[in-house]
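Worksheet: one structure, shown below.
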Amino acid sequence: MVSPRTSTSESHPASRLEVRKTYKLFIGGAFPRSESGRSYPVLAPDGRLLANAARASRKDVRDAVVAGRAAVARWKAATAYNKGQVLYRVAEMLEGHGDQLAREVAEAEASTIRAARRAVAATVDRLVWYAGWADKFAQVAGSANPVAGPFFNFSLPEPTGVVGVLAPRASSLLGLVSVLAPPVVTGNTVVVLAGEERPLPAVTLAEVIATADVPAGVVNILTGRSAELAPVLAAHMDVNAIDLSGAEQPDRAELNRLAAGNVKRVFASDDDWTAPPTLARLRAFVETKTVWHTVGC
Amino acid sequence: MPPQPLGTARAARAFFGDLATSDTALRQLLHGLPGVDQAGAEARAAFLATRSVKKDSKLFALELAIAMIDLTTLEGADTPGKVAALCAKALRPDPADGDVPHVAAVCLYPDLVAVARREIGDKGVAVAAVATAFPSGRATLSVKLADVRQALDAGADEIDMVIDRGAFLSGCYGQVYEEVRAVREACGEAVLKVILETGELATLDNVARAAWLAMLGGADFIKTSTGKVSPASTAPVALVMLSAVRDFADATGRRVGVKVAGGIRTAKDAIRYLVLAYETAGEEWLHPSAFRIGASSLLNDLLMQRAKQLSGAYQGPDYFTVD
């Protein structure tokens with residue numbers, strides 16, 4: 001396995017002190033530490049310490065939802081073409097960070113660097129696939145409805161608002177992007193809880209997103225204990241929908257119950273992340289608006 | 001008993017002994033007030049802002065803050081319909097929860113007082129009117145007094161007057177004092193709040209002087225701002241005013257209230273002011289009869305934070321009434 005530490009010390013004198021990255025949260029376009037000041041050790045599957053990640057508190061969830069809510073109006077109003085371009089841009093930037101991400105994925109998932117590179121490539125492709133849907137989804141999910149009168153009648157998919165996302169625990173990058181991209185490309189803003197045991201690629205993805213023209217607050221990524229944060233997100237009255245795909249089966253019933261407090265849209269699906277995606281996740285976080293318009297002559 | 005600033009009581013006694021309210025006498029008193037340490041006031045206010053209020057104390061503070069609100073609408077676009085909605089909200093802030101106390105008052109322009117009076121009747125929420133050529137105060141005394149009388153005739157319980165900042169800043173303390181006295185007389189039994197508009201007073205020393213001037217003139221409350229000038233209410237300004245009412249109470253035995261207004265939008269801000277009032281003026285000021293918060297959007301944040309305390313779930317604005 002290629003380790004960043006060895007390669008760094010090889011290219012520099014042994015006396016040099018490494019400058020290690022602080023893994024932080026991503027809220028409203030900024031990278032704060034947790035307001036609680038806490039962090040937790042992230043271990044590789046073999047028990048080796050990889051890094052300390054910020055351990056978000058419920059107040060960080062609150063702040064992330066505030067940031068997500070503030071970003072809704074602008075992101076919703078962005079043209080479909082623009083949303084697509086922004087997501088393509090994320091894919092471009094991701095490609096450039098490929099080595100770093102492959103290293104982190106390999107360490108997190110204890111896979112070979114080759115397998116990790118394939119996962120990064122699949123992630124970029126997944127983003128491109130979803131980016132392409134930005135200006136095509138409305139044609140597929142929307143309709144022109146026949147009505148008995150001199151009116152046009154259209155049904156159009158509209159974003160739901162702020163979407164809470166529990167990212168998959170196992171697939172630290174491909175799975176994460178597969179749940180993050182669909183709500184974003186359909187015009188929602190997201191608050192993502194990264195998988196508890198493998199959060200480091202999520203933080204690096206946040207750094208990619210921060211430099212890819214995604215407006216601040218559209219994507220917010222938290223790292224920490226799922227058991228502590230997921231119920232807060234599920235019960236939050238200003239969150240409009242939640243994706244429970246990353247929650248363990250036994251926890252889903254309780255999270256569903258909490259989400260019912262304000263009748264959130266709840267989506268959960270145990271996808272094979274390597275399989276080709278479908279429209280299911282795009283359809284999950286939109287609501288249909290139907291408008292009538294008089295036929296001009 | 002908080003420590004008494006040197007000279008304050010002596011100066012007040014000297015003033016009350018002196019029946020002439022000339023500029024010179026007032027200048028002697030006001031400029032004899034102990035100087036305000038601006039850096040110290042800012043540091044003290046910042047320090048008190050870090051106090052953490054949790055659980056039961058927080059719930060108490062939130063409900064107290066709700067009961068202290070002067071629910072305000074002071075827009076050119078105000079309509080009778082909007083005022084009626086505001087009054088309904090003042091009487092029952094959370095339609096879903098009758099345990100929430102009603103606010104202290106609604107605060108409006110004088111021409112809308114009659115509408116508010118009709119909506120509120122005698123259900124315990126006061127009707128306050130901003131009078132005396134609010135917000136600039138640039139009118140002659142007779143116009144200001146007519147403004148006040150009109151508001152009172154329409155049924156106002158409380159009058160929020162503005163001082164003539166131009167006169168104050170040019171040292172015409174006698175004129176400012178006489179205006180406050182005249183409005184005080186016109187108010188009769190009504191509660192008089194005197195707006196200092198601290199954002200235009202330049203220094204904290206001036207804030208302390210204006211506070212004393214207003215209290216000597218007969219104010220029941222001294223109020224920070226109109227909300228139309230930036231900066232509006234700030235923590236150091238509130239600290240200075242709260243110290244002034246404390247010193248005034250020590251010197252004269254009369255408890256004058258403080259109203260902070262302008263830019264207070266979050267429950268966190270409101271609680272910080274309560275801490276400031278408690279620590280500076282004392283526990284007797286933690287009551288709607290002695291401390292008010294002029295605000296509009298603040299109320300919803302207080303309601304949301306209260307619901308959060310009770311339910312444990314963070315709240316969203318979709319579930320609270322607009323305005």
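Protection proxy ranking, highest mean first, for peptides A:242-248, A:149-155, B:38-44, B:75-81: A:242-248, B:38-44, A:149-155, B:75-81, where packing is the per-residue count of other beta-carbon atoms within 10 Å, averaged. For the segment A:237-244, counting C-beta atoms of other chains within 10 Å of every residue's C-beta and taking the mean gives 3. Taking 0.36 nm per residue of separation and subtracting the current Cα-Cα distance, fully stretching the chain between residue A:253 and residue A:52 would add 69.3 nm. Distant-in-sequence amide contacts of residue A:152, defined by a placed amide H-H separation under 5 Å and a gap of 5 or more residues or a different chain, comprise A:293, A:294, A:295. Axis angle, to the nearest 10 degrees, between helix B:298-311 and the longest C-alpha principal axis of chain B: 50 degrees.
Put a dot 7 Å past the Cα of residue A:278, heading toward its Cβ, do the same for residue A:144, and the two dots end up 2.9 nm apart. Each residue in B:292, B:272 was given a count of other beta-carbon atoms within 10 angstrom of its own, and listing them fewest first yields B:272, B:292. The residues B:278, A:23, B:319, when put in order of fewest to most other Cβ atoms within 10 Å, stand as B:319, B:278, A:23. Counting only alpha carbon atoms, the long axis of helix B:173-187 and the longest principal axis of chain B meet at about 50°. The ranking of B:172, B:107 by Cβ neighbour count inside 10 Å, starting from the fewest, reads B:172, B:107.
Mean partner shielding of peptide A:257-269, defined as the number of other chain Cβ atoms within 10 Å of each residue Cβ, is 1.
Think of the stretch A:187-297 as having a plus end and a minus end, set by charges on the Cβ of Lys, Arg, Asp and Glu; of A:278, A:215, A:263, A:263 sits farthest toward the positive end of this dipole. Nearest 5 percent is fine: what portion of the DSSP beta bridges confined to the protein assembly as shown is antiparallel? Among the beta bridges of the protein assembly as shown, antiparallel pairing accounts for roughly 30 percent. Each peptide in A:45-52, B:85-92, A:200-207 receives the mean, over its residues, of other Cβ atoms within 10 Å, and ordering these scores from highest gives A:200-207, B:85-92, A:45-52. Remark: relative contact order (chain A) = 23 percent; criterion is Cα-Cα distance under 8 angstrom and separation of 6 or more residues.
Of B:68, B:151, B:108, which is farthest along the charge dipole of the stretch B:8-309 in the positive direction, counting Lys and Arg as +1 and Asp and Glu as -1 at C-beta? The residue sitting most towards the positive pole is B:68. Using only Cα coordinates, the Kirkwood hydrodynamic radius of the protein assembly as shown works out to 27.9 Å. Legend: mean number of C-beta atoms from other chains within 10 angstrom of residue C-beta atoms, peptide B:306-317, equals 4. Legend: residue pairs A:136/A:264; B:89/B:123; A:59/B:55, Cα-Cα distance threshold 18 Å; pairs beyond threshold, A:136/A:264.
Hydrophobic long helices, here whole DSSP H runs in chain A with Kyte-Doolittle means of at least 0.0 and Cα atoms spread over 27 Å or more along the helix axis, are found at A:113-133.
Principal-axis analysis of the Cα atoms of chain B puts helix B:204-217 at an angle of about 90° to the longest axis.
Coordinate-derived values only; no laboratory data. Because the structure is predicted, anything quoted here is derived from the model rather than measured. All Cβ positions, even for glycine, are placed from backbone atoms using ideal geometry, and neighbour counts span all protein chains on display.
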